[in-house]
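Below is one structure, written out as structure tokens; comments come after it.
The values are calculated or read from the model by the stated rules, or taken from the named source; none is laboratory data. On a predicted model such as this, the values are computed, not experimentally measured, just so you know. Cβ: placed from backbone, ideal geometry, glycine included. Neighbour counts: every protein chain shown. Only protein heavy atoms, including side chains, enter the accessible area calculation; ligands, DNA and RNA are left aside. Shrake-Rupley method; radii C 1.70, N 1.55, O 1.52, S 1.80 Å.
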Amino acid sequence: MSSPAAKRPLFFPKPVPRTPRPMPDPADRFRPLLERWGALWGVPDLATRVTVEPSTRLRRSLGRCRPGTGRITIRASLLDGDPGLLEEVLCHEAAHVAARVLGGPGARPHGAEWRELVRAAGFEPRIRRGEDVGDVGDVAAGGSGHASGRFAYEHRCPVCQSVRYANTARPRWRCLECTDARLPGTMEVTRVRSSS
């Protein structure tokens, strides 16, 4: 016959919670640049208004900005690539935040104010797509849906030239950057050749 002690469940000590190591904030890495541009552009608190986050999900663009919140998302592969390209992309996105601060919510995403800010920082104001930069990330390897020819409809914003693709026309889609700037954000839909 077994004793009552033999039927007791085994004792497992509670796991000791591990203190997670703090991840370095990418904004800290870029704070000197943001402070320099903020002083140059007349937005001294730019570095505190902006948060920078890398993303592995960006495929067709090198960076994105939500000017209303100051959130900048950059393609993660830029962190290990050409520092000049990284600085240009960061300047491009930070200028969106500064343009909104200086021009209010009606500032156009790639309007005159934005172009002046980018030029003042020493860059040429332009819009670069991931497809334009062959040595960055997955786009050159065919990671973009458009490069593989899967999509039949292109949705392009006539204001900021942002592009999205889909298998069907989506007339209700709106450009997030332009709607953040309180513009209609209506996308122009065109059928593109699909290889499938």
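Looking at 85, 102, 78, just one residue is part of a helix (DSSP H, G or I) and in contact with a strand residue (DSSP E or B) (Cβ under 9 Å, 6 or more places away or on another chain), and that residue is 78. The set of residues from segment 46-74 being open to solvent by 10 Å² or more (accessible area, probe 1.4 Å), more than 18 Å from residue 175 (Cβ to Cβ) and part of a strand (DSSP E or B) comprises 51, 53, 54, 55.
Count, please, the residues in segment 35-68 that happen to be among the hydroxyl-bearing types (Ser, Thr, Tyr) and without any contact (Cβ under 8 Å) to a residue 12 or more places away in the chain.
1
Whether a residue is modelled with pLDDT of 90 or more, touching a Phe, Trp or Tyr at 6+ places or on another chain (Cβ under 7 Å) and not in a strand (DSSP E or B) was assessed, and residue 90 passes this test. Of all residues in segment 116-129, one or more are in contact with a Lys or Arg (Cβ under 8 Å, 6 or more places away or on another chain), surrounded by 15 or more Cβ atoms within 10 Å (Cβ to Cβ) and at pLDDT below 85.
Selection of first residues in segment 150-165 that are at positive phi and open to solvent by 10 Å² or more (accessible area, probe 1.4 Å) and of second residues that are at pLDDT 85 or above and part of a loop (DSSP other than H, G, I, E, B), restricted to Cβ pairs under 9 Å at least 6 apart or on distinct chains, gives the following pairs, ordered by first then second residue: 161/110.
There is no residue in segment 81-93 that is surrounded by fewer than 18 Cβ atoms within 10 Å (Cβ to Cβ) and under 15 Å from residue 178 (Cα atoms).
When the criteria are applied in full, residue 43 fails the requirement of being open to solvent by less than 20 Å² (accessible area, probe 1.4 Å), modelled with pLDDT of 90 or more, part of a strand (DSSP E or B) and not polar (S, T, N, Q).
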